[in-house]
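Below is one structure, written out as structure tokens; comments come after it.
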Amino acid sequence: MNVAQILDDATTQIAAALGLDKRVARLEARVLASHGWAVETAWLIAHDTDALSDKQIAAFQSLLLLRLEGQPIAYLIGTREFYGRPFLVTPDVLIPRPDTELLVELALERIPPDRSMDILDLGTGSGCIAITLALERPLARITAADRSTAALAVAHRNAEHLGARVEFMTSNWFAAFSGRKFDLIVSNPPYVAAADPHLIRGDVRFEPLSALTAGQDGLDDLRQLTRSAREHLQVGGTLLMEHSYDQAEAVQGLLRTHGINDAYGWADLAGVSRVSGGKLSE
Ligand code: GLN
């Protein structure tokens, strides 16, 4: 079997098993092959008539089988790009999503590049938010917390690989931060409703449920965050939280209830409000 044949065959299988478009399935087949054979995707095109060794075929087939079972590509190749940088990911962490780049943009708009500021990222997972902020704003003092030590181990490795200075702490939301205040608090907490039907389809089936779901209405963790945020914000400080497409009103209500003024929502490129936050003005 040569390179083109194995990729064609895999494309057909991926498309059929996962109900994907042929074009997407072909991209996935290439990504798996380039990972399995440690070659660039350009190599695959230049070498399409090369014959493959049994070892190469076996390496590819084992990745393909896992993908056909639905395992996310990011876990199979161990990496996912976020804000232009590669992050290591394992099944201990949520796979970084492009949606979360909105939260990062909003945070960056609030962090001056020329002075230091205290920033906290709660539920950091892979560390993609905290590490991106640290690399984009080297003067900021960034603390990132997660209650999962397995997730923190991944975040640590990412910070090391990417050369970011972040202080990591084990903490269930604000638990380990008693008495500490920050200028900016950001979070992409779990916000999916426990019975949401999309949890039984696609990549999410393989992601940590503890990073995805938050009670019956998906708001349990957002409630906890907003309830304690006031104690941990400097006057003039901002809280920014990602949430689901239908939670903006509820989250902004929570912010007002808990004394975070100027509650406001920001829309993504599709015009859907996916981040809400506010400022502690007195
Ligand atoms: N946006 C993700 C999803 O719907 C959920 C991420 C999260 O809960 N923080 O799959």
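Counted by neighbouring Cβ atoms within 10 Å, the residues Thr90, Thr213, Thr226, Thr41 run from fewest to most as Thr41, Thr90, Thr213, Thr226. Measuring max minus min along each principal axis, the C-alpha atoms of region 135-220 give extents of 42, 31, 22 Å (largest first). Within region 1-22, find all residues whose amide N lies under 20 Å from a label point positioned 7 Å from the Cα of Ser53 along Cα-to-beta-carbon. Counting backbone N atoms under 20 Å from the label point, the list is 1-7.
Stokes-Einstein diffusion for the chain at 37 °C, viscosity 0.692 mPa s, with a Kirkwood radius from C-alpha pairs, works out to 162 µm²/s.
Ranked by how many other Cβ atoms sit within 10 Å of their own Cβ, fewest first, the residues Leu102, Leu199 fall in the order Leu199, Leu102.
Of the beta bridges in the chain, as assigned by DSSP with both residues counted there, near 45 percent are antiparallel. Pairs of Cα atoms in region 25-139 fall into 10 Å distance bins, from 0 up to the last occupied one, in shares of 12, 35, 25, 17, 9, 2 percent. Could you please state, rounded to a whole Å, how far the C-alpha centre of region 240-261 is from the C-alpha centre of region 73-123? Using only Cα atoms, the two centres lie 21 Å from each other.
Residue order for Glu28, Glu249, fewest other beta carbons within 10 angstrom first, comes to Glu249, Glu28.
Between the exposed loop cleavage positions of the chain, defined as trypsin sites (Lys or Arg not before Pro) in a non-H, G, I, E, B DSSP state with at most 13 neighbouring beta-carbon atoms within 10 angstrom, the longest gap is 1-114. Determine the shape class of region 145-282: with a ≥ b ≥ c the square roots of the Cα gyration tensor eigenvalues, call it rounded for a/c under 1.5, and otherwise prolate if a/b is greater than b/c, oblate otherwise. Cα axes put region 145-282 in the oblate bin.
With both partners inside region 44-161, how many of the DSSP beta bridges are antiparallel, as a percent to the nearest 5? Percent antiparallel among DSSP bridges in region 44-161 is about 45.
Give the relative contact order (percent, whole number) for the chain; include only Cα pairs under 8 Å separated by 6+ residues.
Once divided by the residue count of the chain, the mean separation gives 13 percent.
What does the charge add up to near Asp99, with Lys and Arg as +1, Asp and Glu as -1, over the other residues with Cβ less than 12 Å from its Cβ? My count for the surroundings of Asp99 gives -2. Counting only Cα atoms, the size of region 28-69 along its three principal axes is 29, 21, 15 Å, in decreasing order. Under a 5 Å amide H to amide H cut-off, with H placed in plane at 1.01 Å, what residues pair with Ser273 once short-range neighbours are removed? Amide H neighbours of Ser273: Asp268. Here the sum of -39500 (n - 2.57) over DSSP H runs of 4 or more residues, divided by the residues of the chain, equals -11500 deg cm²/dmol at 222 nm, to the nearest 500. The overall shape of region 5-85, judged from the alpha-carbon gyration tensor, is rounded, with an a/c ratio under 1.5. Note that region 76-83 has calculated 3J(HN,Hα) couplings of 5, 9, x, 8, 8, 7, 9, 6 Hz, one per residue in order, obtained from phi through the Karplus relation 6.51 cos²θ - 1.76 cosθ + 1.60 (θ = phi - 60°); glycine and proline are x. One Cα centroid belongs to region 169-184, the other to region 1-64; the line between them spans 46 Å. Ordering Pro72, Ala10, Phe60 by the projection of their Cα atoms onto the charge dipole of region 1-72, which places +1 on the Cβ of Lys and Arg and -1 on the Cβ of Asp and Glu, puts Pro72 at the extreme positive end.
Projected label points at Ile45 and Ala267, each 7 Å from Cα along the beta carbon direction, are separated by 3.7 nanometres. Charge tally for Cys128 (other residues, Cβ to Cβ under 11 Å; Lys, Arg +1; Asp, Glu -1): 0. About its Cα centre, region 114-239 has a charge dipole of approximately 200 debye under the convention of +1 per Lys or Arg Cβ and -1 per Asp or Glu Cβ, with nothing else charged.
A short reminder: the numbers here are calculations on the coordinates, not readings from a lab. This one's a predicted model, so the numbers in the text were calculated from it and none came from an experiment. For neighbour counting, all protein chains shown are included, and Cβ atoms are generated from backbone atoms with ideal geometry for every residue, glycine included.
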